[in-house]
Amino acid sequence: MQFSYQLKRECGSVEIWISIRNLSDEKKKLGNFKIVELLEIDGPLYLNNWQSWLPFKRFESLPNLPAILNFAQTNEVSLFTASPIPELLMSGKIPSDYFIAGEKFLIGALASKISHPYFLWDEGRRAVGVYVELFGKPLESGKVLELEPFIVLEGKYQENLERYALKVAEYNGAKFKAFEGVGWCSWYHYFTEITYDDLKKNVKILKKLREEKGIPYSLVQLDDGYQKDIGDWTDTNEKFPTLEEIASTIKSAGFKAGLWLAPFSVAETSSLFHKHPEWLVKNPDGKPKVVYRNWNKNIYALDTTHPGALDFLKNTLKEIRTAGFSYIKIDFLFAGMVPGLRYDTKTTPVEAYHRGLTTIREALGEGIFILGCGAPLLPSVGYMDGMRIGADTDPEWKGNLPDLGMPSAKYAIRNAITRYFMNKAFWHNDPDTMILRNDAGLTESERELYAFTSGLLNNMLLQSDDMTRVDESGIEILKEAIELSGGRPRVYYVSDELFVIAVKGGRHFNSIAVVNIGDDSTQINVPPSALSWSGVELSDNLINMEPRSVKLFKTASNTIELNKSVKLKEDGRKVNYYEEE
């Protein structure tokens, strides 16, 4: 095999373009390759996990992997949720997927279309290895495979993250539809026990709040609990009428209708599993491969290279669109990238995942907002309008759980903070829902922290409550979150549990927020660079922080809201015009 490298240098960055040529007389299967190695690298380093639920955070040194493996095995957590290459974890290695960063550098892949790019930190050798996994992809004699390019950035941590996000967005042609207003989701109060009467009750209350209190509720999304089974998405269970009637109930109240599904997941009890086992990813013995367990069932993966499976996927999404839903949440997407035997043996799991997302996007059409969740992050850029970038939240804080993607309000909002740079570059970041009812297991301070941080980060604003249980204090928290939104944030990472969010150009305010997600009181000096970014002046930069709290400092923003119009000139050019509202 011959590797060819091309370097493209710009001020503060180097792009690395790599190709592989098969010089032998026979077909070769491509596996794992070390592309390059960075030397004299000292911690701390910032490591990223491949999918939505798991962390991007700073490590002073590599974590205790045996303890992580033991917890996963004891609690029946599939290692595949933590890595598309579980063998790495089993061999004692913790990868950083897609990119890795230090205080003054970042190296990352610009795309993941064929291979899975990852990085291994060798503390003892002070080195970072750059790898690609090609999962046995065949390369014919004399043929060349172009790998995804990498970029090395030098500069300050925050600036490198933001530059990397823009480079990735440009390379993948990222574009996404606007998300406006506040959405409501059924999950974090009702879970799978949601009924049609529950849905109708909340739609009525949301409409009243919009009309009487001016809360800009715009979306009602029905989550898990309506379907007959995992895989049988267009057949509703005994609690619900048809999909058409559900969508009509939501739309008749003036809301966009949203629906949840896990399109690449198939339960062992589903009609799909029993009718079409040939549509599933398989083990080497030819039997369907268990990807994970949930709903007290074995869950398998749809083979998105199989023509029959792709037709099923396309027809399912078209039927949901035709029923009247214009916002689709697609969950557990990592299942679409499970390694295994597929109908098209030349396709890597990454290519299969792209094929599945392309089918979904084309079936739904351009007018539908797609929210991803539980998704491989880099391969999803260019397909999603919104993306969950953290663990599921929870009606309780749950800060003592292992940081392994388990439902936790603490870890959900932590990831929204650390992955802030993806917002409005790759997609709209979904920090998961605010929980504002006061009879949940969250204190008022915790509810404020979650909601205000979501607004400061200019993320999607979503809520999940039985609305009969949300009192005036919950509505006031939501109003404040809305007022804090609309700006451009930059996050300053003080520790794993302490952050400063600086915001400029907000809808109403420029802001400095100190966020303490830890359990201890502490003090922090707000960095001068954060004050400079936001334009906020403090009389004292030393801030005392209570546990699990957020402290805000605001000044009026000078941002002017503009209306955009596009006019076609006689010569065919499109010209944008902006006028004050």
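The values are calculated or read from the model by the stated rules, or taken from the named source; none is laboratory data. Since the structure is predicted, the reported quantities are computational estimates derived from the model, not experimental observations. Please note: Cβ atoms are built from the backbone with ideal geometry, for glycine as well, and neighbour counts cover all protein chains shown. For accessibility, only protein heavy atoms count, side chains too; no ligands or nucleic acids. Shrake-Rupley method; radii C 1.70, N 1.55, O 1.52, S 1.80 Å.
I'd like to know which of Ala82, Pro307, Val182 lies farthest towards the positive end of the charge dipole of the chain, counting +1 on Cβ of Lys and Arg and -1 on Cβ of Asp and Glu.
Of Ala82, Pro307, Val182, it is Pro307.
Say R0 is 25 Å: what FRET efficiency, to the nearest 0.05, do Asp311 and Glu366 get from their beta-carbon distance? Don't jump to the answer; show the numbers that get you there.
Details: r = 21 Å, r/R0 = 0.85.
The value I calculate is 0.75.
Quote the FRET efficiency, to the nearest 0.05, computed for Val144 versus Lys208 with a Förster distance R0 of 45 Å and r equal to the Cβ-Cβ distance. It would help to have the intermediate numbers written out before the result.
Working: r = 63 Å, r/R0 = 1.40.
It comes out at approximately 0.10.
If you take every residue apart from Ile85 with its C-beta less than 11 Å away from the C-beta of Ile85, what net charge results, scoring Lys and Arg +1 and Asp and Glu -1?
Details: positive: Lys93; negative: Glu87, Asp97, Glu133.
Spelling it out: positives minus negatives among the neighbours equals -2.
Rounded to the nearest 20 debye, what is the charge dipole size of the chain about its Cα centre when +1 sits on each Lys and Arg Cβ and -1 on each Asp and Glu Cβ?
Numbers: 68 positive and 78 negative charges, 301 e Å.
Value, rounded to 20: 1440 debye.
Within a Cβ distance under 15 Å of Trp17, other residues only, what is the Lys/Arg minus Asp/Glu net charge? All intermediate terms of the calculation are to be shown ahead of the outcome.
On the way: positive: Lys8, Arg9, Arg21, Lys113, Lys167; negative: Glu10, Glu15, Glu146, Glu148.
Net charge around Trp17: +1.
Sort 211-218, 46-53 by packing, meaning the average of other beta carbons within 10 Å per residue, with the highest value first. All intermediate terms of the calculation are to be shown ahead of the outcome.
Values: 211-218: 14.1, 46-53: 23.9.
Most protected by this proxy first, the peptides run 46-53, 211-218.
Of Phe452, Ala425, Ser218, which is farthest towards the positive pole of the chain's charge dipole, taken about the Cα centre with +1 and -1 on the beta-carbons of Lys, Arg and Asp, Glu respectively?
The listed residue farthest towards the positive side: Ala425.
To the nearest 20 debye, what charge dipole does the stretch 202-280 have about its Cα centre, counting +1 at the Cβ of each Lys and Arg and -1 at the Cβ of each Asp and Glu? The partial results should precede the final answer.
Working: 10 positive and 12 negative charges, 126 e Å.
In debye, rounded to 20, the stretch 202-280 gives about 600.
On the full set of protein chains, 1.4 Å probe, figure out the accessible area of His276 and give it in Å² to the nearest 10.
Accessible area, nearest 10 Å²: 60 Å².
Reported to two decimal places, what Rg/Rh ratio describes the chain when computed on Cα atoms with Rh from the Kirkwood expression? Intermediate values should be presented prior to the final figure.
Details: Rg = 23.8 Å, Rh = 24.9 Å.
A ratio of 0.96.
Placing unit charges on C-beta atoms (Lys and Arg positive, Asp and Glu negative, everything else neutral), compute the dipole magnitude of the stretch 2-172 about its Cα centre in debye, rounded to 20.
Details: 19 positive and 22 negative charges, 55 e Å.
Dipole size: approximately 260 debye.
Which whole-Hz ³J(HN,Hα) couplings does the stretch 433-443 yield from phi under the Karplus relation 6.51 cos²θ - 1.76 cosθ + 1.60, θ = phi - 60°, glycine and proline marked x?
Values per residue, Gly and Pro as x: 7, 6, 10, 10, 6, 8, 9, 6, x, 9, 6 Hz.
Can you tell me, using C-alpha contacts under 8 Å and at least 6 residues apart, the relative contact order of the chain as a whole percent?
Working: 1323 pairs, mean separation 69.3, N = 581.
Computed over the chain, the figure is 12 percent.
Distance check, please: which entries in Lys113/Lys346; Lys410/Lys504; Lys204/Lys251; Lys201/Lys239; Lys8/Lys57 exceed 18 angstrom between their Cα atoms?
Pairs exceeding the cut-off: Lys410/Lys504; Lys8/Lys57.
Taking all protein chains together and a probe of 1.4 Å, list Tyr164, Tyr493 from the most accessible to the least accessible. List each step's numbers first, then the result.
On the way: Tyr164 5, Tyr493 25 Å².
Result, largest first: Tyr493, Tyr164.
Have a look at Gly155, Phe119, Ala169 and report the one farthest towards the positive end of the charge dipole of the chain, computed about the Cα centre with Cβ charges (Lys/Arg +1, Asp/Glu -1).
Selected residue: Ala169.
Taking all protein chains together and a probe of 1.4 Å, list Cys11, Cys373 from the most accessible to the least accessible.
On the way: Cys11 130, Cys373 0 Å².
Per-residue accessible area, sorted high to low, gives Cys11, Cys373.
Measure off, as a whole percent, the carbon and sulfur share of the 1.4 Å-probe accessible area of the chain, all protein chains present. It would help to have the intermediate numbers written out before the result.
Numbers: 11350 of 23690 Å².
The nonpolar share, carbon plus sulfur, comes to 48 percent.
Which value at 222 nm does the chain reach when only helices count, each DSSP H run of 4 or more adding -39,500 (n - 2.57), with the total divided by all residues and rounded to the nearest 500 deg cm²/dmol?
That comes out to -7500 deg cm²/dmol.
For His274, His354, what's the largest-to-smallest order of accessible area, 1.4 Å probe? Write down the numbers at each step before the final one.
Details: His274 125, His354 25 Å².
Final ranking, largest accessible area leading: His274, His354.
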